[in-house]
Amino acid sequence: MVQAYILVQTEVGKAASVASEIGGLPGVVSAEDVTGPYDVIVRAEADDVDELGRLVVARVQNVNGITRTLTCPVVKLS
């Protein structure tokens, strides 16, 4: 299982609708509005890195109102 945080920048005024739409996608554990340089933080899970990439490129980035994403895979350091 691969997990990642996806940091999302949106068009002005679109954060709530983007978070709501992303939250309904398969593989998305949570999607929340935040303040700061990013507007939405998404927690996602996939069986492998390739599936995670498909989730981000084919589904998340196609949501209307997104201007940029940054995917941060979770690593286990212990």
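Any read-out appearing in this document is the output of simple, stated calculations on the displayed coordinates, not a laboratory observation. The model shown is predicted, which means the values in this text are computed figures rather than measured ones. Cβ placement follows ideal geometry from the backbone for every residue including glycine, while neighbour counts extend to all protein chains displayed.
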- Query: Can you pull out the residues in region 1-27 that are β-branched (V, I, T), part of a strand (DSSP E or B) and surrounded by fewer than 19 Cβ atoms within 10 Å (Cβ to Cβ)?
  - Reply: V2
- What are the residues in region 28-53 that are under 17 Å from V74 (Cα atoms), surrounded by fewer than 17 Cβ atoms within 10 Å (Cβ to Cβ) and without any contact (Cβ under 8 Å) to a residue 40 or more places away in the chain, if any? V29, S30, D50, G53
